[in-house]
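Visitor: Here you go, one structure.
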Amino acid sequence: MKKTKLTLLLIISTLLQTRAQEFDGIFEGGIEDATTYLQAYANPLMQSLSNGLGNGWYNTAKPHKLLGFDLTITVNVVNVSSSERKFTFDENDYQNLELASGNPNLPSAVGGSSDTRIRAVAGRTISDGSNTITIEEAEEFDAPDGFDVEDLPIINGLPVPALQLGIGLPKNTDLKLRYASDFGAFDDGNLAFYGIGVLHDVKQWIPGLRQIPFDFAGFVGYTFLDADYEIEEGSASSDYQADGEIEIGVYSFTIQGIVSKKLSIFTPYLGLGYTISGSDLNVNGDFIYREGSTELTFADPVSLDFDGGSTYKINAGLRIKLAILTLHAEYVLQESDVFTVGIGFSVR
């Protein structure tokens, strides 16, 4: 895979737009086999996205003054282990799919490319529970490729960028807003990424801490990503036809305590907290299988949930502030470690 720009749109399009035809091949074996394959293929990507969404919210525990603000761009790079980049294609897990050629260790959605080919076997049966058809002709296709995380700098990981606005409110509180979209870049799909968070000075409510020379705040934040891409494959004369869309949703809820200390232009900070995250992938629409004059129609055939889990996390970082310009970097220890860098400007 060629080296590419680190954009969230690229990552999602890897799963949706650029792989739609390869997913079409997976469905040649029927709905059950396609579901089994997609669960193993997509799981590392969905886990990485849900882990990455809940980070990079702040770079200091000190809220803005009233109506002060900052605008910051961050990139959270989620570490992806070598074991998550591949999964083993075991023919015993499938009814109608088998290895045609190549290595059975196939790329996941974050596993790069391979030369492996898969075969939907001749004489395969497709059933909707009431009726069954037999498709006599075999079909071969390339195993779907994935996003190549090894092309990325710093750590081998998946980048999750965010554009964020912070606004100072009364009572030493910051409101934080996140938003991004594909801005019409998908010809046949949409992407939206948004979040809301609140950072509040806790030290002001604890009499014994008011005079201690550091900042102490609490933070809660929620982030959600939603994307979809249309699928339209096959024709009325083929043994398989799809007219639908792939949808993914990813969420992350984070609660943390934060301490920081301003030292000239430097502000080291430390956070400790808990994250709950998860994601889902749905294939909606009508998927039609036919043999002769008989056809079976499956509506909204795939619904997968990926439990991102609940995990404690600790992050340590450093902010540099030059006039209104801010630069920051941090490392997060959690179920999947995250490295974050950011640049922005901050006023008051």
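The values are calculated or read from the model by the stated rules, or taken from the named source; none is laboratory data. For clarity, every value in this text was computed on a predicted model and none was experimentally measured. All Cβ positions, glycine included, derive from the backbone under ideal geometry; neighbour counts span all protein chains shown. Remember, those area values only see protein heavy atoms, side chains included, never the ligands or the DNA or RNA. Shrake-Rupley method; radii C 1.70, N 1.55, O 1.52, S 1.80 Å.
Visitor: Nearest 10 degrees, 0 to 90: what angle lies between the long axis of helix 31-53 and the longest principal axis of the chain (Cα atoms)?
Guide: 10 degrees
Visitor: Grab the Cα-Cα distance for I343 and T297, subtract it from 0.36 nm times how many residues apart they are, and report the gain in nm with one decimal. Please report the intermediate quantities before stating the final value.
Guide: Details: separation 46, 0.36 × 46 = 16.56 nm, distance 5.06 nm.
Taking I343 through T297 to full extension adds about 11.5 nm, to one decimal.
Visitor: Another question, if that's okay. Only four residue types carry charge here, +1 at the Cβ of Lys and Arg and -1 at the Cβ of Asp and Glu. Report the dipole size of the chain about the Cα centre in Debye, rounded to the nearest 20. Kindly include the intermediate steps, with their values, before the conclusion.
Guide: Numbers: 23 positive and 47 negative charges, 789 e Å.
It works out to roughly 3800 debye.
Visitor: Rounded to the nearest 0.05, what FRET efficiency is calculated for L209 and D307 with R0 set to 45 Å and r the Cβ-Cβ distance?
Guide: On the way: r = 37 Å, r/R0 = 0.83.
So, using R0 = 45 Å, E works out to roughly 0.75.
Visitor: Fully extended, how many nm does the chain gain between D128 and F224 (0.36 nm per residue separation, minus their Cα-Cα distance)? Can you show the working numbers first?
Guide: Numbers: separation 96, 0.36 × 96 = 34.56 nm, distance 3.40 nm.
Length gained, D128 through F224: 31.2 nm.
Visitor: Just to confirm a number: summing +1 for Lys and Arg and -1 for Asp and Glu over residues other than L263 whose beta-carbon lies under 14 angstrom from that of L263, what do you get?
Guide: +4
Visitor: In whole angstrom, note down how far apart the Cα centers of region 84-101 and region 274-348 are.
Guide: Each part reduced to its Cα centre gives a spacing of 26 Å.
Visitor: Here is a follow-up. Taking K and R as +1 and D and E as -1, what net charge do the other residues with C-beta under 11 Å from the C-beta of G197 add up to? Kindly include the intermediate steps, with their values, before the conclusion.
Guide: Values: positive: K176, R178; negative: D174.
Combined, the nearby Lys, Arg, Asp and Glu give +1.
Visitor: Can you list residues from other chains, or at least 5 along the same chain, whose modelled amide H is less than 5 Å from the amide H of V160?
Guide: Answer set, sorted by chain and number: N76, V77, V78.
Visitor: Okay, moving on. Using a Förster distance of 25 Å, how high is the FRET efficiency between S264 and Y179, based on the Cβ-Cβ distance and rounded to 0.05?
Guide: 0.15
Visitor: While we're on this one: H64's amide H: which non-local residues (gap 5+, or another chain) put their own amide H closer than 5 Å, with H modeled 1.01 Å from N in plane and none for Pro or chain starts?
Guide: The answer is none.
Visitor: Taking springs between alpha-carbon atoms closer than 10 angstrom, which of N315, N96, N105 fluctuates most in the Gaussian network model of the chain?
Guide: Looking only at N315, N96, N105, the biggest GNM fluctuation is shown by N105.
Visitor: Grab every C-alpha pair in the chain, bin the distances at 20 angstrom width from 0 up to the longest one, and report whole percents.
Guide: 29, 47, 20, 4, 0
Visitor: Going from most exposed to least, what order do S346, S303 have by accessible area with a 1.4 Å probe?
Guide: Values: S346 10, S303 85 Å².
Correct descending sequence by accessible area is S303, S346.
Visitor: Right, something else. Mean separation of Cα pairs under 8 Å and 6+ residues apart, divided by the residue count of the chain: what relative contact order is that in percent?
Guide: Details: 913 pairs, mean separation 68.9, N = 348.
Answer for the chain is 20 percent.
Visitor: Quick check on my link table: of K65/K321; K171/K313; K65/K171, which ones sit more than 18 Å apart, alpha carbon to alpha carbon? Intermediate results must be reported in sequence, preceding the final value.
Guide: Details: K65/K321 16 Å; K171/K313 27 Å; K65/K171 9 Å.
Beyond 18 Å: K171/K313.
Visitor: Check which residues have an amide H placed less than 5 Å from A100's amide H, if you skip close sequence neighbours.
Guide: R117, I118, R119
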